[in-house]
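Working notes, structure below.
Nothing in this text is a laboratory measurement; each read-out follows from the coordinates by a stated rule. Treat the numbers as computed from the prediction; the structure is a model and nothing was measured. As a convention, Cβ positions derive from the backbone with ideal geometry for all residues, glycine included, and neighbour counts pool all protein chains shown.
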Amino acid sequence: MDRRCQPVRSEVPRLSPAPVEAKWAIPGMVVLVLISLRADLTQASPPSLQRQEELRNLLYQDCGSCHGMRLTGGLGPALTPEALRHSSRARLVAAVRNGRDGTPMPPWRELLSDGDIDWLIDSLIGRGERQ
Ligand code: HEC
């Protein structure tokens, strides 16, 4: 038999990556979940230009009937970036989607998609496009 073709060294020290992987598994998963959540937020089907126009009209006419024609307050509180600064984005989105029980603020989820509501809140808090 020809023995020249046999592997010469089999005792090369093996790196053992397992402990490193285990250490990073949980932070890695957290990062992945955060990335996917963020993707969801930004991908919630942004309204078309025409829809943005409709939403802008809705904001000043319908929302404005309570929040003031210039959204500076009326029956409902002001919706200016300054006035909304103290609230979390999630709380504002929930107020528009579900309304506020026990107050005149009605729920809008039947009329507005999640993408519509995201866009409205971004406009109100001054992120994204301004009116
Ligand atoms: C019938 C009157 C009425 C209409 C119409 C209305 N709102 Fe309101 N809204 C209110 C009232 C009253 C509150 C305050 C509720 C409370 O006391 O928590 C409020 C609260 C809010 C808040 C929370 C503000 C904060 O600082 O927490 C947001 C955001 C909001 N409205 C957005 C809208 C948008 C956007 C529209 C239109 C799509 C709209 N509202 C239409 C009456 C109204």
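Short version: ³J(HN,Hα) in whole Hz for each residue of region 107-121, in order, from phi by Karplus 6.51 cos²θ - 1.76 cosθ + 1.60 (θ = phi - 60°), x for Gly and Pro, what are they?
Computed from phi, the couplings for region 107-121 are x, 10, 5, 6, 9, 10, 6, 4, x, 4, 5, 4, 5, 4, 5 Hz.
What net charge is computed for the residues neighbouring Trp108, neighbours being all others with C-beta under 12 Å from the C-beta of Trp108, Lys and Arg scored +1, Asp and Glu -1? Walk me through the intermediate numbers first.
On the way: positive: Arg97, Arg100, Arg109; negative: Asp62, Glu110, Asp114, Asp116.
The answer is -1.
Return the sequence-ordered ³J(HN,Hα) values of region 89-106 in whole Hz as given by the Karplus equation 6.51 cos²θ - 1.76 cosθ + 1.60 applied to θ = phi - 60°, using x for Gly and Pro.
4, 4, 5, 5, 4, 5, 4, 6, 5, 9, x, 10, 3, x, 10, x, 5, x
In whole Hz, what ³J(HN,Hα) sequence does region 64-70 give by Karplus (6.51, -1.76, 1.60; θ = phi - 60°), x for Gly and Pro?
Running phi through 6.51 cos²θ - 1.76 cosθ + 1.60 with θ = phi - 60° gives x, 5, 9, 8, x, 4, 10 Hz.
Calculated FRET efficiency, Asp62 and Arg91, Cβ-Cβ r, R0 22 Å, to nearest 0.05?
According to the calculation, E is roughly 0.60.
What are the semi-axes of the equivalent ellipsoid of region 49-124, taken as the square roots of 5 times the eigenvalues of the Cα gyration tensor, listed largest first and rounded to whole Å?
Equivalent ellipsoid of region 49-124: 17, 15, 13 Å, largest first.
Suppose R0 equals 25 Å; then what is the FRET efficiency for Glu54 and Arg127 from their Cβ-Cβ distance, rounded to the nearest 0.05?
0.80
Gly126's amide H: which non-local residues (gap 5+, or another chain) put their own amide H closer than 5 Å, with H modeled 1.01 Å from N in plane and none for Pro or chain starts?
HN-HN under 5 Å from Gly126: empty list.
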